[in-house]
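What follows is a single structure, written as structure tokens, with notes after it.
The values are calculated or read from the model by the stated rules, or taken from the named source; none is laboratory data. The structure displayed is predicted, hence computed values, not measured ones. Here the Cβ positions follow ideal geometry from the backbone for every residue, glycine too, while neighbour counts run over all protein chains shown.
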Amino acid sequence: MMGARPLILGGGVAPFGRHRDGSNWRDWVRVAGAEALEDAGLEPDEIDAVVVASESDFLSLQVNPGPVVLGELGLAGRPVVRIEGGGASGGLALREGMAQIMAGLARRVLVVGFEAAAGHLAPASVGLVYGLSFDAEVDGLAGATAVALYALSIAEHKVLYGTTAEQLAHVSVKNRANAVGNPWAHKPMQVSVADVLASPMIARPYRKLDCSLASDGAAAIVLAHADAAPAASRPRSRIAGSGVGSDHARIGDRTERHAFRAKRLAAEAAYAMAGATASDIQVAEVCDPFTGAEIQSLEALGLAAPGEAGPATADGTFDPAGRLPVNLSGGLLGQGGAPGATGIAQAVTMDRLLGGRYRDGQVGGDFRRGLIDIHGGMATLAAVHVMERVEP
């Protein structure tokens, strides 16, 4: 069993949003987990192990959530590991599930991620928690916020490459429009470049519509060794490559404050493992907590040369009908950001895109190879995965 790349058998997502209907993260986990098992054609007793992703116990108000998740899904007694890596938690959990299968520790692994980041805490409280995901002592407790640190980074990018506010606005327009029709999306919107540029300034150069929202939600996906996968009549996907990279937590310690070094390292490792290059990628789900972060991510991933992602975005390269569609789900800007769930939801989306069944096949194209990318902190910790279509 050792070394085989895992197949994705199925996935599910509990819609992202600000849930004030009396539900909580346990309800969302049940929804996502049940949908993933149904999509995979499996019963709970056919799962060997579980990996749980959750960014913060402060948000969920649950320490050691793994056994609670098992209880909600009828999986008590299974081995469970909890993964935390800030906004990268879901992507890191996916990698852990992949590693367990490749190491022969399990044949079928359910990876579940959740976050309660929007509905039960005041935005200022959530912002304080997120500030602690940088260097808590130097940044977070000093009052530095995520938007301020990201703004400093993209400001340097603008100085070096001439990246414009209009180019940033195109990211917001594209991703929010892509979320329209996505039943999992928190903030689908039709906005114009002018709308983005007229929205209130938050931290220069970022305006309100340059920023994503914190979301509630959950996602789950079933991974399996090929020998443990039921026969399928439809295309599936597999995780062909995985990479993780890191950088200094404090932006001032970095040699290139405008670039996402951790993501470049993660992408290089994922491409090498998959036997692929950036030019082989046909579709991507990219981490976009802010508009500029998508531009910086595309460059770090090798999907655009340094300084060229902004102009390419404005020219439509990354639009649904462009050369390389990016964030057909809407990304964090449109679909939303529930940190423990986001990286897993990306994998569910990519699996369905590669299989031609995303939104019942109404969105996407004939994609054979895609990339998913998520990070925590100010791109301090990044997880990148290359996924491939597998014919039945």
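From the list A144, A179, A224, A229, which one is touching a residue at least 60 places away in the same chain (Cβ under 8 Å) and in contact with a Gly (Cβ under 7 Å, 6 or more places away or on another chain)?
A179
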Buried (at least 18 other Cβ atoms within 10 Å of the Cβ), without any contact (Cβ under 8 Å) to a residue 60 or more places away in the chain and over 17 Å from G11 (Cβ atoms): which single residue out of V80, V63, V69, V126 fits that description?
V80
Could you tell me which numbered condition L94 fails, if it satisfies all but one of (1) of a type outside the set (S, T, Y); (2) in the same structural domain as L70 (by TED's automatic domain parsing); (3) touching a helix residue (DSSP H, G or I) at 6+ places or on another chain (Cβ under 7 Å); (4) not in a helix (DSSP H, G or I)?
(4)
Just one of D27, D39 is part of a helix (DSSP H, G or I), more than 23 Å from D351 (Cβ to Cβ) and of a type in the set (D, E, K, R); which is it?
D27
Take G340 and decide whether it is touching a Phe, Trp or Tyr at 6+ places or on another chain (Cβ under 6 Å), at positive phi and buried (at least 22 other Cβ atoms within 10 Å of the Cβ).
no
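Under 15 Å from A177 (Cβ atoms), small (G, A, S) and over 16 Å from the mean Cα position of the chain (by Cα) - does that describe any residue in the stretch 299-315?
Yes, the stretch 299-315 has at least one match.
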Return the total of residues in the stretch 356-392 being of a type outside the set (V, I, T), assigned to a loop (DSSP other than H, G, I, E, B) and surrounded by fewer than 20 Cβ atoms within 10 Å (Cβ to Cβ).
8
Working carefully through the options D45, D21, find the one that is without any contact (Cβ under 8 Å) to a residue 40 or more places away in the chain and in a loop (DSSP other than H, G, I, E, B).
D21
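Return the total of residues in the stretch 155-177 being among the aliphatic types (A, V, I, L, M) and over 19 Å from A198 (Cβ atoms).
Total satisfying the criteria: 3.
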Answer yes or no as to whether R78 is touching a strand residue (DSSP E or B) at 6+ places or on another chain (Cβ under 9 Å), assigned to a loop (DSSP other than H, G, I, E, B) and farther than 22 Å from R234 by Cα.
yes
Tally, over the stretch 164-183, of residues that are buried (at least 24 other Cβ atoms within 10 Å of the Cβ) and not in a helix (DSSP H, G or I):
0
Reported set for the stretch 278-294 where residues are surrounded by 24 or more Cβ atoms within 10 Å (Cβ to Cβ) and polar (S, T, N, Q) is T291
If I filter the stretch 36-52 for residues that are under 30 Å from A146 (Cα atoms) and either surrounded by 16 or more Cβ atoms within 10 Å (Cβ to Cβ) or in the same structural domain as G377 (by TED's automatic domain parsing) (or both), do I get at least one hit?
yes
Against the definition (more than 23 Å from L37 (Cα to Cα) and either without any contact (Cβ under 8 Å) to a residue 24 or more places away in the chain or β-branched (V, I, T) (or both)), how does R323 come out, yes or no?
yes
